[in-house]
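Engineer: Okay, handing you the structure first.
A short reminder: the numbers here are calculations on the coordinates, not readings from a lab. Quantities reported herein were computed from a predicted structural model and do not represent experimental measurements. When we count neighbours, we look across all protein chains shown, and the Cβ atoms used for this are built from the backbone with ideal geometry, even at glycine.
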């Protein structure tokens, strides 16, 4: 009972939060003189994503790969949104799609349990012909078989005990909405039961398979760009050691900025991978890179990208901008393959 109540609360919170968020984007905040900033809106959106994650966990399908991918993509798209309008569009479309995917995956999980029940039934195992069953969800949970069917009473009782979407009170009010989606069509042939996927659902599944593949590709690409996954490729290393004075954080930031301007797709400093939320500041120990202290008297920078373009950019900066060739020992080496791990989170 406590779990059902928790799912009621989560599902209601998701629906309410999405509606509040979308309504808030329609308010003329500028006229009221108190417009929420983008960071506040992203925090609100992040709470919606967390609620969807919790709903998936409570329904027991959070570890399914397509659910994990969809939630990760939703979270990352919200993180990258550049305006409140973009964020509202993401919440209106992607969040609703992700919620429906979670529901669909739970129905699929119920279908898997139904197949286990049927394939363990003696009358199914002994059936030598071919027939189809239509298993409809009860409004209060479980399934019943429409006539005609070959199932015995004990099998029907087992099916009525298989949890369905409507086993949760939060979804019973949506029985008419999800009844057709939650109905299972099963083919029994020569002692084996398997689900029949209607043509329209097959199209939907193919669409989601393509979308999930795109999500995986996009997520991997975004993760590399953001600095959270491994990147490999040709690049250079720059080793800077002091002659008179150690390197300063401001100078190191300029070097990093120049490398990014020259097309670097990944950078690491003394083995610490930089990401979109990285920072380089002065510290008591010298220089702090994302909270890790590095010795400013000897700094090694690795950068993946076009080697000649990176070298040209660094030469220009060191000779004209910083004059570092006179103040430091600077060694630049090229590598056909550098491997930079993702940032430690």
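Engineer: Determine, from the Cβ-Cβ distance of residue 112 and residue 160 and an R0 of 22 Å, the FRET efficiency 1/(1 + (r/R0)^6), rounded to the nearest 0.05.
Structural biologist: 0.80
Engineer: If you don't mind, there's one more thing I want to ask. Counting other beta carbons within 10 Å of each Cβ, put 42, 73, 192, 337 in order, fewest first.
Structural biologist: Taking fewest neighbouring Cβ atoms as first place, the list is 337, 192, 42, 73.
Engineer: Same structure, new question: Given a Förster distance of 41 Å, report the FRET efficiency between residue 79 and residue 152 from their Cβ-Cβ distance, rounded to the nearest 0.05.
Structural biologist: After rounding to 0.05, the efficiency reads 0.15.
Engineer: With just the Cα atoms defining each centre, how far is segment 243-262 from segment 106-120? Give it in Å.
Structural biologist: Each part reduced to its Cα centre gives a spacing of 60 Å.
Engineer: Please tell me the relative contact order of segment 244-345 in percent, rounded to the nearest whole number, where contacts are Cα pairs under 8 Å and at least six residues apart.
Structural biologist: After rounding, I find 33 percent.
Engineer: Taking the beta-carbon count within 10 Å as an exposure proxy, list 149, 185 from fewest neighbours to most.
Structural biologist: By the 10 Å Cβ count, ascending: 185, 149.
Engineer: Suppose each label sits 7 Å from its Cα in the direction of the beta carbon; what would the residue 132-residue 172 distance come out to in nanometres?
Structural biologist: Result for the modelled spin labels: 3.2 nm.
Engineer: May I pose another question? How would segment 227-340 be classified by its alpha-carbon gyration tensor: rounded, prolate or oblate, with rounded meaning a/c under 1.5 and the a/b versus b/c comparison settling the rest?
Structural biologist: Oblate, since a/c reaches 1.5 and b/c is not below a/b.
Engineer: Residue 331 to residue 250: FRET efficiency via 1/(1 + (r/R0)^6), r the Cβ-Cβ distance, R0 22 Å, to the nearest 0.05?
Structural biologist: E(calc), rounded to 0.05, equals 0.50.
Engineer: Run the quick spin-label model on residue 100 and residue 185: label points 7 Å from Cα toward the beta carbon, then report their separation in nm to one decimal.
Structural biologist: Taking the two extended label points, one gets 1.9 nm.
Engineer: How high is the relative contact order of segment 110-198, given as a whole-number percent (alpha carbon pairs under 8 Å, six or more residues apart)?
Structural biologist: 40 percent
Engineer: Just grab the label-to-label distance for residue 339 and residue 308, each label 7 Å out from Cα along the Cβ direction, in nm (one decimal).
Structural biologist: It works out to 2.8 nm between the two label points.
Engineer: Order of 123, 251 from fewest to most other C-beta atoms within 10 Å?
Structural biologist: Ordered by Cβ neighbours within 10 Å, fewest first: 123, 251.
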